[in-house]
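Colleague: To start, I am sharing the structure in question, which I have written as structure tokens.
The values are calculated or read from the model by the stated rules, or taken from the named source; none is laboratory data. The shown structure was predicted, so the numbers you read here are calculated from the model rather than taken from an experiment. Because the Cβ atoms are built from the backbone with ideal geometry, glycine has one as well, and the counts that use them run over all protein chains shown. Please note that ligands, DNA and RNA were not included when accessible areas were found on the heavy atoms of the full protein model with its side chains. Shrake-Rupley method; radii C 1.70, N 1.55, O 1.52, S 1.80 Å.
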Amino acid sequence: MGVEEARLRGGGWLRRAGNQKGQEEGGHRPGPAPGPPPHGFRWLWRLQRLWRPRGGRKMATEAAGALGLLWGWLWSERFWMPQNVSWADLEGPGDGYGYPQARHILSVFPLAAGVFSVRLLFERFIAKPCALHVGIQDSGPYQAQPNAILEKVFISITKYPDEKRLEGLSKQLDWDIRKIQCWFRHRRNQDKPPTLTKFCESMWRFTFYLCIFCYGIRFLWSPLTSGLYYYYIMELAFYWSLMFSQFTDIKRKDFLIMFVHHLATIALITFSYINNMVRVGTLVMCLHDASDFLLEAAKLANYAKYQRLCDTLFVIFSAVFMVTRLGIYPSWILNTTLFESWEMIGPYPSWWLFNGLLLTLQVLHVIWSYLIARIAFKALIRGKVSKDDRSDVESSSEEEEMTSNTKSPCSNSSSNGANRVNGHTGGSYWAEE
């Protein structure tokens, strides 16, 4: 896979810092004095230096001092760089191609808005026709019969009434208990997103992950080129779009975990680019993308009711996920960033930050691997991949089990075909980060 060629030794300033480490072992050599921030953000630094409070007001003076301290800490070379390395070292040519510049990151935000717009167009004009072609119906769930008493119980008390409460509602409404059970089941289905929506979301993620993985794997052995720059910025823009779209996408139980994942991913991509750690950054992104598109493909097959294809893709996804996240990532990536970089240049303040974020990702990998293994174990018992343990909607995560336990004779009349599908396959967008 060429991982050895993609390790931290590819960074020019890392080599210089490593060569100077031996001079420092005999005694401490202070690093350079704090200097201005990277070139792309110097306009803010100059603005802060030019601004001076008028009238000698104490509050304005304190505010200016606090702003100066905050800005100095934010771009402190002693925090972000090894000793004897400054921001100026990253502004010259490196290995004949040039170093990453902080100002490049500013292009991410309009690009993220563009990615989100492309997603909306893709889901409407490409994913939706594909879903209709494979037989997924464009219709909402069955609407439960309006009933003020049951609606109040559903919203304020419980979505899964026990036998005692069912008997009380039966006497109050003069309804059969089984009819009330059917009402609650239809009402829970009403909150679930239609299969068409889930299919379109998964098809967008599958398309992006597959394309970006094929594009990015070309740059595992390259220094900073225009192609690697586009790869880095596109990945960062995509995760920024996910950061905001997750509030409107299908809600799942691991919402908080995914939020933490997106924050860690955005921070890692941003600062690894600014600090010229693009070699290890490229590897981390490619390792994550390697399994993501397989998962989304399995979900697409599941929504289209191709169960054998879904099971096959899920097995392949599980194997790739375990190998990349629990094998290659800790043994090669973390080994390089934690131990080999320690020997080359030694730790410095931002070194702890970067490795802390990488270790956070590894903790999430272990959690997701456990969930995937649990789903795979259930699949061996049941003979097929079961629904996603996270569920589409948190409030209806146990709906299928509740339906089978109550043994209600009323059939599911949902018109979108969602309940003819075995939920969704495990994992969903656990790996996109």
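Colleague: How much length is gained on full extension from residue 143 to residue 342, taking 0.36 nm per residue of separation minus their Cα-Cα distance? Before the final figure, lay out the partial values.
Modeller: Numbers: separation 199, 0.36 × 199 = 71.64 nm, distance 6.10 nm.
So the chain would gain 65.5 nm between residue 143 and residue 342.
Colleague: Length gain on complete extension for the stretch residue 88 to residue 355, per 0.36 nm per residue less the alpha carbon to alpha carbon distance?
Modeller: 93.7 nm
Colleague: In addition: With a 1.4 Å probe and all protein chains left in place, how much accessible area per residue does the stretch 163-270 have, in Å²?
Modeller: Details: 4560 Å² over 108 residues.
Spelled out: the 1.4 Å probe surface of the stretch 163-270, per residue, equals 42 Å².
Colleague: Rounded, prolate or oblate: which fits the stretch 74-196, taking a ≥ b ≥ c as square roots of the Cα gyration tensor eigenvalues, rounded meaning a/c under 1.5, else prolate when a/b beats b/c? Present the calculation step by step, with values, prior to reporting the outcome.
Modeller: Numbers: a/c = 5.61, a/b = 2.44, b/c = 2.30.
It comes out prolate by the Cα gyration axes.
Colleague: Quick one: what are the phi-derived ³J(HN,Hα) couplings along the stretch 324-333, Karplus 6.51/-1.76/1.60 with θ = phi - 60°, whole Hz, x for glycine and proline?
Modeller: Values, residue by residue: 6, 7, 9, x, 5, 4, x, 6, 10, 5 Hz.
Colleague: Can you give the FRET efficiency to the nearest 0.05 for residue 377 and residue 260, using r as the Cβ-Cβ distance and R₀ = 30 Å?
Modeller: Using R0 = 30 Å, I get an efficiency of 0.70.
Colleague: With the crude spin-label approximation of a point 7 Å out along Cα→Cβ, what separation in nm comes out for residue 163 versus residue 176?
Modeller: The modelled label-to-label distance comes out at 1.9 nm.
Colleague: At q = 0.14, 0.17, 0.20, 0.21 Å⁻¹, what base-10 log of I(q)/I(0) does the Debye formula yield for the stretch 202-356 when every alpha carbon is treated as an equal point scatterer in vacuo?
Modeller: So the normalised log intensities work out to -0.79, -1.13, -1.45, -1.54.
Colleague: Using a 7 Å offset from the Cα along the Cα-to-Cβ direction at both residue 124 and residue 328, what is the distance between the two label points in nm, to one decimal?
Modeller: Each label point lies 7 Å from its Cα, and together they span 3.8 nm.
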